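The values are calculated or read from the model by the stated rules, or taken from the named source; none is laboratory data. Small disclaimer: the values here were computed from a predicted structure and weren't measured. Cβ placement follows ideal geometry from the backbone for every residue including glycine, while neighbour counts extend to all protein chains displayed.
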Amino acid sequence: MKKNLYILFLFITLSLTSFSPLGQHSYKVRTIVIDAGHGGKDPGCHGTTGVEAKVTLAVALELGRIIKENMPDTKVYYTRMSDNFIELHDRADIANRNNADLFISIHCNSGPSAAYGTETYVMGLHSSEDNLAVAKRENEVVLKETDYKKNYDGFDPKSPQAHILFSLYQNAYIENSILVASKIENQFAKRLGRTSRGVKQAGFLVLWKTAMPSALVELGYLTNAAEEKYLTNKTNQVYLASGIYRAIKEYKTQIEN
């Protein structure tokens with residue numbers, strides 16, 4: 001009985017989300033929180049020499065600098081500005097406390113050595129095992145946290161069912177989240193010449209409790225030798241940050257008009 005009710009609820013929720021107008025959740029982008037994934041005792045994934053926590057921090061700080069320089073009326077906050085460990089729920093709390101209008105979480109991907117390309121995620125149901133694998137990898141950092149079951153309502157990062165249950169969060173912001181995610185991937189593909197793997201949905205804890213449109217950006221695969229070389233290059237990190245900035249600027253202009 002409970003299973004049938006859940007399936008019905010899921011169907012109704014996704015149906016309403018699919019047909020809700022974008023203007024229903026329009027707002028001004030006055031505050032942006034930038035989240036550099038991993039850090040401290042959680043280095044994230046790595047290649048031969050490249051470390052995710054270092055790449056994400058470099059891109060996050062550069063993105064913030066560009067936004068401050070070109071959008072002076074927009075406030076920028078970071079979840080971390082150095083190589084320190086921040087629990088996932090605290091990252092969302094930083095965004096919520098500062099009444100952020102947009103939350104961007106920056107990461108690097110891991111996979112087979114032949115895998116390459118960018119992809120940007122929003123909160124939602126994973127549509128493939130690959131999406132679930134990415135979400136599970138990013139979520140397993142909670143195992144390094146104290147009282148993680150208490151902080152995440154008993155969430156088990158190794159359970160596929162757990163990822164499905166909380167993936168319904170963020171539905172109020174799904175359209176705007178997809179909009180900014182699409183613009184990020186478009187910038188990566190058309191302006192930077194990167195291979196875009198598209199916009200995808202999956203259950204990420206770092207997006208779970210953020211009360212605003214949110215996206216998680218995977219800059220590329222550190223486990224691919226060519227991409228590792230690209231991602232660890234300082235100039236390319238500036239290009240990546242610039243691409244995300246241009247996407248945010250386009251997004252802000254579109255929704256505010």
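When you look at LYS28, is it at pLDDT 95 or above, among the charged types (D, E, K, R) and out of contact with any Lys or Arg (no Cβ under 6 Å at 6 or more places or on another chain), yes or no? Reasoning before the result, please.
On the way: at pLDDT 95 or above: no; among the charged types (D, E, K, R): yes; out of contact with any Lys or Arg (no Cβ under 6 Å at 6 or more places or on another chain): yes.
No: the conditions fail for LYS28.
So, restricting to helices (runs of 4 or more DSSP H) that lie completely within the range 169-256, which ones have at least 2 residues that are surrounded by fewer than 22 Cβ atoms within 10 Å (Cβ to Cβ)?
Numbers: elements: 174-190, 205-208, 225-231, 234-256.
Those helices (runs of 4 or more DSSP H) span 174-190, 225-231, 234-256.
Could you check the range 64-90 and list, in sequence order, the residues that are modelled with pLDDT of 95 or more and in a helix (DSSP H, G or I)?
GLY64, ARG65, ILE66, ILE67, LYS68, GLU69, ASN70 - these are the residues of the range 64-90 that are modelled with pLDDT of 95 or more and in a helix (DSSP H, G or I).
Please identify the pairs in which a residue from the range 81-103 that is under 14 Å from ALA53 (Cβ atoms) and surrounded by 17 or more Cβ atoms within 10 Å (Cβ to Cβ) has its Cβ atom under 8 Å from the Cβ atom of a residue that is hydroxyl-bearing (Ser, Thr, Tyr) and at pLDDT 95 or above, counting only partners at least 6 apart or on another chain.
Short answer, once both residue conditions are applied: ILE86/THR79; ARG91/THR79; ARG91/SER105.
Condition first: more than 20 Å from ALA58 (Cα to Cα) and out of contact with any Lys or Arg (no Cβ under 9 Å at 6 or more places or on another chain). Now tell me which residues in the range 68-95 satisfy that.
Once the filter is applied, which keeps residues that are more than 20 Å from ALA58 (Cα to Cα) and out of contact with any Lys or Arg (no Cβ under 9 Å at 6 or more places or on another chain), the range 68-95 yields PRO72, ASP90.
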